[in-house]
Amino acid sequence: MLQPEIQLTADGSHTLFIPEMDEHYHSINGAIQESTHVFIDAGLRQCQKKIIRILELGFGTGLNAFLSYIESKNTGIRIYYTGLEKYPLPTGLVEKLNYGELNPHGNEIYLEMHRCAWNIPVQITTDFILEKISVDFSEFDFRGTYDVVYYDAFAPDKQTNVWTQEIFDNLFSCMNSGGILTTYCAKGSVRRMMIQSGFKVERIPGPPGKRQMLRAQKPSKYTSQ
Ligand SMILES: C[S@@+](CC[C@H](N)C(=O)[O-])C[C@H]1O[C@@H](n2cnc3c(N)ncnc32)[C@H](O)[C@@H]1O
């Protein structure tokens with residue numbers, strides 16, 4: 001079992017560091033800043049629907065889920081959020097993270113997202129339904145009609161086996177036409193896998209400290225699965 005350590009990033013928000021992998025959960029230039037840029041601004045905010053289904057690969061600290069909840073609260077959109085995670089974090093560790101404190105919407109919702117049951121949908125608020133699924137990405141049954149995908153696995157050079165053609169093909173098939181997939185990663189090999197799956201892919205400016213990131217869209221000619 002990996003033992004993550006809490007570290008402070010440049011915007012004052014925490015991240016986790018795994019010494020055995022020499023890998024962080026977020027950018028050390030700012031965890032909240034990075035998640036907001038990559039997943040909320042470049043992903044969620046590009047979707048014009050009033051009811052949005054999000055799939056996240058790598059629930060981890062739940063930061064992306066929490067920021068998505070805040071977006072839902074601010075805009076009135078309803079979100080069905082599915083987060084996949086093979087290594088759920090211990091509650092004692094999550095309780096020490098400062099995401100809830102740094103945000104006016106408070107710690108209680110953030111902690112509720114971690115304390116609630118796994119593998120069943122839970123209504124966190126009227127407009128935010130969370131289903132955390134404890135599964136390896138490679139074993140997930142990719143069925144559904146997702147509008148937005150957050151691809152937030154560890155970096156490809158640290159975890160090659162989760163950046164595969166098969167996973168991108170599966171994601172393509174479970175997304176609605178027009179659906180958007182974002183990731184902090186800008187690697188050419190990842191971009192080529194996305195294109196091979198059928199996505200239209202663009203390199204867009206990354207968060208501070210990172211020149212570029214990838215955004216993929218399922219073309220509109222495809223119908224929902
Ligand atoms: C870069 S971290 C990001 C986590 C999260 N989005 C966050 O903001 O904290 C990657 C996450 O993917 C999870 N993960 C790694 N390999 C996995 C696998 N094969 N299947 C499911 N989850 C995996 C890790 O445990 C970790 O929580």
Original post:
Taking Cα centroids, how far is segment 75-119 from segment 154-225 in Å?
Top reply: 25
Original post:
Once Rh for segment 38-132 is found with the Kirkwood sum over Cα pairs, what is the Stokes-Einstein diffusion coefficient at 20 °C and 1.002 mPa s, in µm²/s?
Top reply: 160
Original post:
At q = 0.15, 0.23, 0.25, 0.26 Å⁻¹, what is the log10 ratio I(q)/I(0) for segment 17-71, with the Debye formula run over Cα points and no solvent?
Top reply: -0.47, -0.95, -1.08, -1.14
Original post:
Taking Cα pairs under 8 Å and at least six residues apart, what relative contact order does the chain come out at, in percent?
Top reply: 19
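Which percent of the Cα-Cα distances in segment 130-225 go past 22 Å?
Values: 1151 of 4560 pairs.
Roughly 25 percent, once rounded to a whole number.
Which of the peptides 127-137, 3-13 is most tightly packed, and how do the rest follow, judged by the mean count of other Cβ atoms within 10 Å per residue?
Numbers: 127-137: 18.2, 3-13: 15.1.
Ranked by mean Cβ neighbours within 10 Å, highest first: 127-137, 3-13.
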Original post:
Taking a ≥ b ≥ c as the square roots of the eigenvalues of the Cα gyration tensor of segment 90-140, is the shape rounded (a/c under 1.5), prolate (a/b larger than b/c) or oblate?
Top reply: oblate
Subject >> Lysine pairs within the chain, Cα separation less than 18 Å, 8 or more sequence positions apart or different chains >> reply: 12
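As an exercise, find the ratio Rg/Rh for the chain from alpha-carbon atoms, using the Kirkwood inverse-distance average for Rh.
Details: Rg = 16.2 Å, Rh = 17.5 Å.
That ratio equals 0.93.
State the dimensionless ratio Rg/Rh of segment 63-111 (Rg: radius of gyration of Cα atoms; Rh: Kirkwood radius). Present the calculation step by step, with values, prior to reporting the outcome.
Values: Rg = 11.7 Å, Rh = 11.9 Å.
That ratio is 0.98, to two decimals.
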**OP:** Let me have the relative contact order for segment 1-76, percent, based on Cα pairs under 8 Å that are six or more residues apart.
**Re:** 21
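Read-outs: derived from the displayed coordinates by stated rules, not from any lab. In this text the structure is predicted, and so the values were computed from the model without any measurement. In this analysis, Cβ positions are derived from the backbone assuming ideal geometry, glycine residues included, and neighbour counts consider all displayed protein chains.
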